[in-house]
Structures are given as structure tokens and as C-alpha cells.
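Worksheet: one structure, shown below.
The values are calculated or read from the model by the stated rules, or taken from the named source; none is laboratory data. If you're wondering where the values come from, they're calculated on a predicted model, not measured in any experiment. Neighbour counts are summed over all protein chains in view; Cβ atoms, including those assigned to glycine, are modelled from backbone coordinates with ideal geometry.
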């Protein structure tokens, strides 16, 4: 009889422990994207040619060493997550990731060079396309279900926030790149329709996997990034490229609205910061910048230098530059973009404590050695 009581007590304790563990699952985010959101996946892909593994990437983040982010500080997703009280998700390939880390922090599958289309970014050799990122997410779900049970896992994934932020590579490293078949196979409108058809299938799959609250980041004025400017004869923004971004955003906004109405319990929102970024670029001084057409980190007259390297020279004050390198915005610009997107979203703070940012304020650049 005493043994029976002891066994019953043990069972109760185990069940209580499981219930406590399941109840403690907080809201986290799962991020799907490209180099604008990558936090280290590509740095761990040995054959990838799109890596932020050298100084001066990450100079204004944490210890100032490269961390996989393609900027000097935070990504837009970092900043929005901080404002919502969400923990910063580690990269899927981070060796410290296990089921407990996932339950506490979520995961980022974002990969530099990735696109909506699988063929996008093939010149980078190794990257996770959006299809591959979703496949990896399915593997994550299997691990979590094994850890806490299917019912608790389903609630965990349903309560989570999802960020999807990609599309620019589908243009810059596909449609606008003549080595790709898509560049001559489609008109601009036809290519955007292909992207929307593919994206609809991908977002619908994410919904089927549990995504209910989802943000899709729209494109900025791609024709104004330093890489596009330097390829033009005048150094001006390439308006044809900008128009593609605007058309993509219009179609994407309509798609997210339609999915929100048609998918059960879905709140799919489109985060559009095109206008504010265009305004910052055209009138930088009004937003605290003094340069909006060239990268802070560059090799001087050698343009375009696609990545920032230890041999590059840095601008004197990184907070005054809209662009960090030929392609990616600076931490300060990302903050403006994040604030604009947040102003248009209906999500609110989801966890009781706010995550403490691990970014240091931009300061004077150290001298390259």
C-alpha cells in the first residue's frame, strides 16, 4: 500500500513537472528571410559565398565581433522583436540550439542570398531558400513535439509570431541578373506574379504548420542601394528597379490581406516601409544622416566592393550613414525602418518582460589594422 502511495506521488510530481514546463512556454518568434535578417546561418554554411564573417560586420553589436548579421548592429527583426518584448531567436545552425533553447527563444532560419524562388541566389553556392527554411521549420516542430507532446507543441507554435522578410534577392540576384533564365523569361509583371503565386503557397503552408500571427516585410527602394547606384552611369537611383519594388509591395500587401481573410484565425500583416526609406534617402539630413548614397564600409574608389572586409575603411560616424555596405542598411537606418513597420502593425507587447538589447550605440570607428 505504501509503495502504491509512493508511486502515485511520483506520478503526480512528474505530471506536475510536465504541466509546469508546458505552461512556461512563452511567445517566441520564428524568422524566415535573407541577409537582411540572417543572424549567423550563412556563417556556418562552409561553401556559402554570402557570409558576414569578417570585421567590420557586427562592430556595434555586443562585443563588436562578426556575428552573422550583415550590418554594423541590429537587424529590423531584432529591433521589432525587442519592442514587442520577444527574445532574439538564435540562428538555426547555432551549435547551442536544442529543444529548450527553441522553447525559450524561437529560431531564425534566415539566410543571406535567399529568395522566394529556389533558383534565386545560386551564385552564392550555398544558402537556405524559403522552401528550405520552411522544411527546416518542420523538422524543428518534430523535435519540439517529441519534447513536450503534440498538444502543447501545437499551442506553442500557434501562439508564436512569424516573420517572413525576403524578396529583394529575387530581383537583384535573379531577375535583374542576366545570367538567370528568369531575367529574359518573364516581364516585370509576370515575374511578380510568379513570386506571388509561390509566396502564397509558402505562407499557406506556414499557416497549416501553425502560423497565425505573421508579419511580411515589404521591399525598400532597391534601385537606391549603393550597389545599384554605382552600376548606373550617373550614380542616381535606378527607377526601373524601384518600380519593381513598389509593384511587388502592392501585390504582396493584397496577398497578405487576402490570406488573412481566407485562412482560419490568421492575422497576416504586411510591413511596408518603402515611403519612409525613400524619404530618408532623398532627404537624409532631415533624419539625422549626412550620407544616403554610398556605404559606410568600403574600399574607397574600388566600387562595388560587395562585402565589408578588414581592409575596408569605415566612415567616421556610422550613425550618419543610411547604408552600411553596398547592399545593407546601417543599424540607425534599420531602426527607422523598424519604427515605421511597427507604426502600421496591430501586434502588441506579448511577454511580461522586455528583452534587453545587446547592441552598443554607434560610436567613432576604430582605425582598421
Residue 139 fails exactly one of (1) over 30 Å from residue 344 (Cα atoms); (2) crowded, with 24+ Cβ neighbours inside 10 Å; (3) without any contact (Cβ under 8 Å) to a residue 40 or more places away in the chain, namely (2)
Qualifying residue in region 67-83 (condition: in a strand (DSSP E or B), in contact with a strand residue (DSSP E or B) (Cβ under 7 Å, 6 or more places away or on another chain) and surrounded by 19 or more Cβ atoms within 10 Å (Cβ to Cβ)) = no
Residues of region 90-116 that turn out to be over 11 Å from the mean Cα position of the chain (by Cα) and part of a loop (DSSP other than H, G, I, E, B), as a count = 12
How many of the residues in region 227-241 are part of a helix (DSSP H, G or I), at pLDDT 95 or above and crowded, with 20+ Cβ neighbours inside 10 Å?
-> 1
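Listed here are the residues, each with its yes/no results for (1) closer than 15 Å to residue 323 by Cβ; (2) in contact with a strand residue (DSSP E or B) (Cβ under 9 Å, 6 or more places away or on another chain).
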site: 233; (1), (2): no, no
site: 242; (1), (2): no, no
site: 245; (1), (2): no, no
site: 253; (1), (2): no, yes
site: 262; (1), (2): no, no
site: 283; (1), (2): no, yes
site: 287; (1), (2): yes, yes
site: 298; (1), (2): yes, yes
site: 303; (1), (2): yes, yes
Considering only region 177-193, state which residues are surrounded by 15 or more Cβ atoms within 10 Å (Cβ to Cβ), part of a helix (DSSP H, G or I) and at pLDDT below 95.
-> 182
Check region 194-211 and report whether any residue there is modelled with pLDDT under 95, buried (at least 17 other Cβ atoms within 10 Å of the Cβ) and not in a loop (DSSP other than H, G, I, E, B).
-> no
